Amino acid sequence: MKKYILKRLLTALPVLLMISIGAFIMMNLAPGDPTDLYITPDATPVQVEATRTALGLDQPYPVQYVRWLGRALRGDLGINYSTRYPVLPILVSRIGPTIVLMGATLLFSYLVAIPLGILSARKHGTWVDTLLTGGAFVGVSIPNFFLGLGLIYIFSVRLGWFPTGGMSQLGEESSILTVLHHLILPVSVLSAFYIANMTRYMRATMIKVYGENYIRTATAKGLAAQVILTKHGIRNALIPVITIIGTDLPRLVGGAIVTEQIFQWPGLGRLTIMAIQQREYPMLMAITMLSAVVVLFANLFVDIMYAVVDPRIKYN
Amino acid sequence: MEETTILEVKDLAVSFQTFEGVVQAVRGVDFSLKKGETLAIVGESGSGKSVSTKAINQLLPKKNTLIERGEILFEGKDLLKLSEKEIQKIRGNDIAMIFQDPMTSLNPTMQVGKQIAEPIIAHKGVSKGEAKQKALELMDLVGIQHPERTYKSYPHQFSGGMRQRVMIAIALACEPKILIADEPTTALDVTIQAQILDLMNNLKKDLDTSIIFITHDLGVVAQMADRVAVMYAGKIVEIGTADEIFYNPMHPYTWGLLASMPTLDVEQTSLYTIPGSPPNLLHPPEGDAFAARNEYALGIDFYEDPELFKVSETHFAKTWLLHPDAPEVIPPAEVIRRKEKFRYLNSEKRMSKTVGGEAYGRRY
Ligand SMILES: Nc1ncnc2c1ncn2[C@@H]1O[C@H](COP(=O)(O)OP(=O)(O)OP(=O)(O)O)[C@@H](O)[C@H]1O
Ligand SMILES: [Mg+2]
């Protein structure tokens, strides 16, 4: 197993390299230039050129890329053009809130969705199932920004139960409680899809598992319904469900960008949008690479989980 | 063989609600099972063999099954009337089942040994350690080598034949009074099939369990059964001892089955097949369901379903040909040959349980 993990990590390196090249090319293909944004309109061409030289943007693209790579490998992710502030500490300060948001979302989503999916499957064909299936359909279809704005309007503007955004009140000490209070709306918005998606998936897998012959065997043994569910049903249903966790993680990275923007959550999502708007290439490269690493780790995690849950899978 | 009846199925009729309508899968089935005997149920695919036996343990899907009428008496109780909790105590404990697909009938994520120990824990109120001990003994009994080591194996590490041994161990775990084996060897290759049948025969002798053995394969029947019930379109058309069914068959459908069975000693150029296909059970035909395929059908067959006529104390057949007014017909040559053998056996008073190699459609 250890060997397998090491092998997976090693094969991830060329993938990361390809991603970095791809991201670099795409960034530079986009029209415009970082200097457009923070050089005053009356700057002379000579001044513009001087800035470009200072930032290294006058060099041919391959040279720029190799320089970036060389520095990045040494842990230097470059600076933010506009503030001249290094990228790494900014990134680090923004990771925390995003991890909190995503972690809370996944935890909440699965804690709700897996039991709901099981319930729906066991009540297959009853009104409970119909209701849950309908709800799940709405959940996967509704766009995040729409749901976010709707919830803000109802619960923040109208009812005033929750803050409209941010992670803590200005000037207020940020305690776990205030963070939780601020988390509820963004997590609800972000979770909607994952709850709905996982409920549907869990339901489908559970129905399939209950059609399997080994459930018939378990019933014929005279086991109680509860035992059949926990010992024979859920464990087997979880195997395909792990795949969904693997696809949820990368999707969450994307979903968080929109949701953080709506709720002014001080995380990586908002940082990303800012970096795109201001063409902070080093920052964008750093965020892209971070997301890539997260996705690769998510995949590795999923593959390891398979081996944990399913005795048929062994990695050597 | 003791003559005490352990299970009695009376006029069982089962239908299924489907999108196309109501499928009358079982349309009035009567049979009984005596202690220690093996009753084989044979018949074409879809004739209702599995449904009639699954009804015993209430293993039919709750959602679309309609038990139209009938009783299944076991130890004075009608199993059809039991609640889910009550039938749970009987399933796996008094009445156990083995199914056709050993490859998919075991839980892929649970250790094989635990799967065998499970019913013991559920029914016998013993500790986990005792259940494990008993499971190890069972693994040994059904011929799984090195039980201590293989206890912790998972099903995918076992071959089909080994998995079926595990299924048998599970079924025998609580020393059931009745074992229902629904085509337990159909999915296995011929050598493994023979081993499993041997195993079942030996266990039956040792444990004195009554067996209901469902199969398509008359060769297997000859090897296993004391009595045979032939099913067609949801009804039993002929029932009798193995000798009576193999050597003195009365129903044209049984004749067809026997004629379509490969034999060893007759020069056969091609095998006989019963013409046509079974009726659609959404709309069973009026009269005898077999009439349309029956070259011996009488006029009355097309509008009135025959009753079971008694041939002997143990032998009954549902055909108008046994009516006193029915015309004499000449059965297929193969059946005539068998009947001659039957008369010979009878006259020599050599009628015994040992059905000669003759009946074996296939040898292993
Ligand atoms: N759950 C169900 N829903 C609807 N119809 C069913 C169901 N189970 C069985 N049937 C129908 O009942 C009839 C009898 O089925 P059964 O499984 O008893 O046949 P069988 O004699 O065991 O055949 P085979 O040899 O193929 O196993 C078939 O027509 C089948 O389609
Ligand atoms: Mg069947």
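The values are calculated or read from the model by the stated rules, or taken from the named source; none is laboratory data. This one's a predicted model, so the numbers in the text were calculated from it and none came from an experiment. Every residue, glycine as well, gets a Cβ built from its backbone with ideal geometry; the counts of neighbours run over all protein chains shown.
Quick one: is A:THR272 free of Cβ contacts under 8 Å to residues at least 40 places away in the same chain, buried (at least 21 other Cβ atoms within 10 Å of the Cβ) and part of a helix (DSSP H, G or I)? Against the criterion (free of Cβ contacts under 8 Å to residues at least 40 places away in the same chain, buried (at least 21 other Cβ atoms within 10 Å of the Cβ) and part of a helix (DSSP H, G or I)), A:THR272 qualifies. Of everything listed in (1) at pLDDT 85 or above; (2) more than 14 Å from every other protein chain (Cβ to nearest Cβ); (3) more than 30 Å from A:LEU151 (Cα to Cα), the single unmet condition for A:ASN316 is (1). Going through B:LEU12, B:LEU39, B:LEU60 one at a time, which residue ends up being within 16 Å of ligand 2 (Cβ to nearest atom) and more than 23 Å from B:LEU308 (Cα to Cα)? Sole residue among the options that is within 16 Å of ligand 2 (Cβ to nearest atom) and more than 23 Å from B:LEU308 (Cα to Cα): B:LEU60.
Whether any residue in the range B:138-149 is in contact with a Phe, Trp or Tyr (Cβ under 8 Å, 6 or more places away or on another chain), more than 14 Å from chain A (Cβ to nearest Cβ) and farther than 24 Å from A:ILE239 by Cα is what I want to check. Scanning the range B:138-149 turns up at least one residue that is in contact with a Phe, Trp or Tyr (Cβ under 8 Å, 6 or more places away or on another chain), more than 14 Å from chain A (Cβ to nearest Cβ) and farther than 24 Å from A:ILE239 by Cα. With respect to being surrounded by 19 or more Cβ atoms within 10 Å (Cβ to Cβ) and more than 9 Å from chain A (Cβ to nearest Cβ), B:ILE87 falls outside the description. Can you pull out every residue in the range A:231-279 that is among the acidic types (Asp, Glu) and farther than 30 Å from A:ILE215 by Cβ? Within the range A:231-279, A:GLU260 is the sole residue that qualifies. Of the residues contained in the range B:330-342, one or more are found to be closer than 22 Å to B:GLU44 by Cα, touching a residue at least 24 places away in the same chain (Cβ under 8 Å) and either in contact with a strand residue (DSSP E or B) (Cβ under 6 Å, 6 or more places away or on another chain) or not in a helix (DSSP H, G or I) (or both). Is it true that some residue in the range B:15-25 is within 14 Å of chain A (Cβ to nearest Cβ) and either touching a strand residue (DSSP E or B) at 6+ places or on another chain (Cβ under 7 Å) or within 16 Å of ligand 2 (Cβ to nearest atom) (or both)? Yes, that holds for at least one residue.
Go through the residues of the range A:228-245 one by one and say whether even a single one is buried (at least 20 other Cβ atoms within 10 Å of the Cβ), in contact with a helix residue (DSSP H, G or I) (Cβ under 6 Å, 6 or more places away or on another chain) and not in a helix (DSSP H, G or I). No, every residue in the range A:228-245 fails to be buried (at least 20 other Cβ atoms within 10 Å of the Cβ), in contact with a helix residue (DSSP H, G or I) (Cβ under 6 Å, 6 or more places away or on another chain) and not in a helix (DSSP H, G or I). Here A:PHE301 clears all of (1) buried (at least 16 other Cβ atoms within 10 Å of the Cβ); (2) among the hydrophobic types (A, V, I, L, M, F, W, C); (3) closer than 29 Å to A:ALA121 by Cα except the condition numbered (1). Among the residues making up the range A:113-153, those that are in contact with a Phe, Trp or Tyr (Cβ under 9 Å, 6 or more places away or on another chain) and among the β-branched types (Val, Ile, Thr) are A:VAL140, A:ILE142, A:ILE152. Taken over the range A:266-315, the criterion of being under 21 Å from A:ASP33 (Cα atoms) and of a type in the set (Asp, Glu) is satisfied by A:GLU280 alone. Please verify whether B:LYS114 is among the basic types (Lys, Arg) and more than 10 Å from chain A (Cβ to nearest Cβ), treating the condition exactly as stated. So B:LYS114 fails the test. Are any of the residues in the range B:180-198 closer than 14 Å to B:THR254 by Cα, in contact with a strand residue (DSSP E or B) (Cβ under 9 Å, 6 or more places away or on another chain) and within 16 Å of ligand 2 (Cβ to nearest atom)? The answer is no, given that none of the residues of the range B:180-198 is closer than 14 Å to B:THR254 by Cα, in contact with a strand residue (DSSP E or B) (Cβ under 9 Å, 6 or more places away or on another chain) and within 16 Å of ligand 2 (Cβ to nearest atom).
For the range B:117-132, give me each residue that is more than 9 Å from chain A (Cβ to nearest Cβ) and closer than 22 Å to B:MET200 by Cα. Correct list: B:ALA117, B:ILE120. Counting only residues that are over 18 Å from A:ALA136 (Cα atoms) and away from chain B (no Cβ under 12 Å), the range A:195-227 holds 1 of them.
Contact annotation: residue pairs with Cβ atoms under 7 Å, 6 or more positions apart or on different chains, pairing a residue in the range A:248-261 that is assigned to a helix (DSSP H, G or I) with a partner that is at pLDDT below 80, are A:GLY255/A:ASN144; A:VAL258/A:ASN144; A:VAL258/A:PHE145; A:THR259/A:ASN144; A:THR259/A:GLY148. Considering the range B:27-101, the qualifying strands (runs of 3 or more DSSP E), each wholly inside and each with 3 or more residues that are more than 30 Å from B:GLY287 (Cβ to Cβ) and more than 9 Å from ligand 1 (Cβ to nearest atom), run over B:95-98.
Within the range B:97-111, restricting attention to residues that are of a type in the set (S, T, N, Q) and more than 16 Å from ligand 2 (Cβ to nearest atom), the residue that is farthest from the other protein chains (Cβ to nearest Cβ) is B:GLN111.
For beta carbons closer than 8 Å, sequence separation of 6+ or different chains, a first residue in the range B:65-76 that is more than 16 Å from ligand 2 (Cβ to nearest atom) and a second that is in a loop (DSSP other than H, G, I, E, B), the qualifying pairs are B:PHE74/B:ASP94; B:GLU75/B:ASP94. Candidates in the range B:202-229 are the residues that are closer than 17 Å to B:ILE192 by Cβ and among the aliphatic types (A, V, I, L, M); of these, the one that is surrounded by the fewest Cβ atoms within 10 Å (Cβ to Cβ) is B:LEU203. The residue that is surrounded by the most Cβ atoms within 10 Å (Cβ to Cβ), among those in the range A:143-202 that are among the polar types (S, T, N, Q) and within 24 Å of A:LEU249 (Cβ to Cβ), is A:THR199.
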